[in-house]
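The values are calculated or read from the model by the stated rules, or taken from the named source; none is laboratory data. Computed from a predicted model, the values in this text were never measured in an experiment. A quick note on method: Cβ atoms are made from the backbone with ideal geometry, for glycine too, and the neighbour counts reach across all protein chains shown.
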Amino acid sequence: MEVKIILDNTVSNLRPKGLIAEWGFSALVGDVLFDTGQRQTLENMRLLGIKDFSCIVLSHGHYDHTGALLPILEVYGKKKVYLHPDAWLPRKYKDTQIGIPWNREVIEGVCEVIENVEPIEVSKNIVALGEIPRKEKDMRIGKILKNGVWQEDSIADDQSLAVKTKNGILLVLGCCHAGLKNTVEYAEEVCGDEVKYIVGGMHLISLKDEEVREIAEWLSKKVELISPCHCTGSKAEAILFSKFADKFVFSGVGSTLEFS
């Protein structure tokens, strides 16, 4: 199984000329496009030589994970797009709109939309986890407009990809607003195996250093490789690196990670 980072906050040192980073995330996980970043994703896909993919899974309805959705569909043709129904709802952080920038009817006009709350296999051995139970602290942010009322946004639509490999679960995260521990434990419950590899945005940026150290200690006892991206946070990445050492993999736009 191959994971190719298409859009992230940083660019890998090993890269084709012209790749650009921006705040957001997108990755090709096997034949599944996971998130679409903001604006630069489509050009990065061209530079990386990505010819096609089977479907799109959106981790949640924030602009930095959905911004390039329509341009990608216009170029690559009609695809299945998996997302939680809450991903369509308006969102804001303070006075800034941070929700999906596309009208639902427009997107439904150019693709097959599949709304999933429960886990669903989107390709062979690749499961979109759907809504993740919150037993531990989650990473909520901003407000969401539900039933005509602006309210605190728990980001219930946050989902990740769980990939079944021979050696355990590869967990690919968009932002992990559901909380890293919650997501790991739910992936294990759904897939009936242990999480051994984690790649993607972990949203540890909003936690205190001691909270990150506790998570890092817990993960280090089970995870064999960790590659944080996007919203993990530089201080949190430093803590993870100090704990995981050679099990920590730096990645960015243009990076390819392989798992057996």
Name the residues in segment 208-248 that are touching a residue at least 40 places away in the same chain (Cβ under 8 Å) and either buried (at least 17 other Cβ atoms within 10 Å of the Cβ) or within 30 Å of R46 (Cα to Cα) (or both), would you? C229, H230, C231
Where a residue in segment 139-162 is touching a residue at least 60 places away in the same chain (Cβ under 8 Å) and more than 18 Å from Y63 (Cβ to Cβ) and its partner, wherever it lies, is small (G, A, S) and part of a loop (DSSP other than H, G, I, E, B), with Cβ under 9 Å and at least six apart: S160/S59; S160/G174; S160/A178; L161/S59; L161/G174
Check segment 81-95 and report whether any residue there is under 14 Å from the mean Cα position of the chain (by Cα), part of a loop (DSSP other than H, G, I, E, B) and not acidic (D, E). yes
Look through segment 13-38, keep the residues that are charged (D, E, K, R), at pLDDT 95 or above and touching a helix residue (DSSP H, G or I) at 6+ places or on another chain (Cβ under 9 Å), and return whichever of them is surrounded by the most Cβ atoms within 10 Å (Cβ to Cβ). D35
Among (1) in contact with a Leu (Cβ under 7 Å, 6 or more places away or on another chain); (2) not in a strand (DSSP E or B) - the single one I56 does not satisfy: (2)
When the residues of segment 96-134 are narrowed to those that are touching a helix residue (DSSP H, G or I) at 6+ places or on another chain (Cβ under 9 Å) and acidic (D, E), which ends up surrounded by the most Cβ atoms within 10 Å (Cβ to Cβ)? E131
In segment 144-159, anything of a type in the set (A, V, I, L, M, F, W, C) and not in a loop (DSSP other than H, G, I, E, B) is listed as I144, L145, V149, W150
Check on V113, within 25 Å of D31 (Cβ to Cβ), in a strand (DSSP E or B) and touching a residue at least 60 places away in the same chain (Cβ under 8 Å): no
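Within the bounds of segment 79-99, is there any residue that is of a type in the set (S, T, N, Q) and touching a residue at least 12 places away in the same chain (Cβ under 8 Å)? Lay out the reasoning, then the answer.
Here is the first cut: in segment 79-99, the residues of a type in the set (S, T, N, Q) are 96-97.
Adding the requirement that they be touching a residue at least 12 places away in the same chain (Cβ under 8 Å) leaves 97.
For segment 79-99, residues of a type in the set (S, T, N, Q) and touching a residue at least 12 places away in the same chain (Cβ under 8 Å): present.
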For the subset of segment 249-260 comprising residues that are among the β-branched types (V, I, T) and in contact (Cβ under 8 Å) with a residue 60 or more places away in the chain, which member is nearest to W218 (Cα to Cα)? T256
Scan segment 118-141 for residues that are assigned to a loop (DSSP other than H, G, I, E, B) and either within 20 Å of T36 (Cβ to Cβ) or within 16 Å of the chain's Cα centre (by Cα) (or both) and jot them down. P119, L129, G130, E131, I132, D138, M139, R140, I141
For segment 43-84, how many residues meet the condition of being surrounded by 24 or more Cβ atoms within 10 Å (Cβ to Cβ), of a type in the set (S, T, N, Q) and over 15 Å from I155 (Cα atoms)? 1
Taking the criterion of being buried (at least 20 other Cβ atoms within 10 Å of the Cβ), of a type in the set (G, A, S) and over 20 Å from V249 (Cβ atoms), would at least one residue in segment 180-203 satisfy it? no
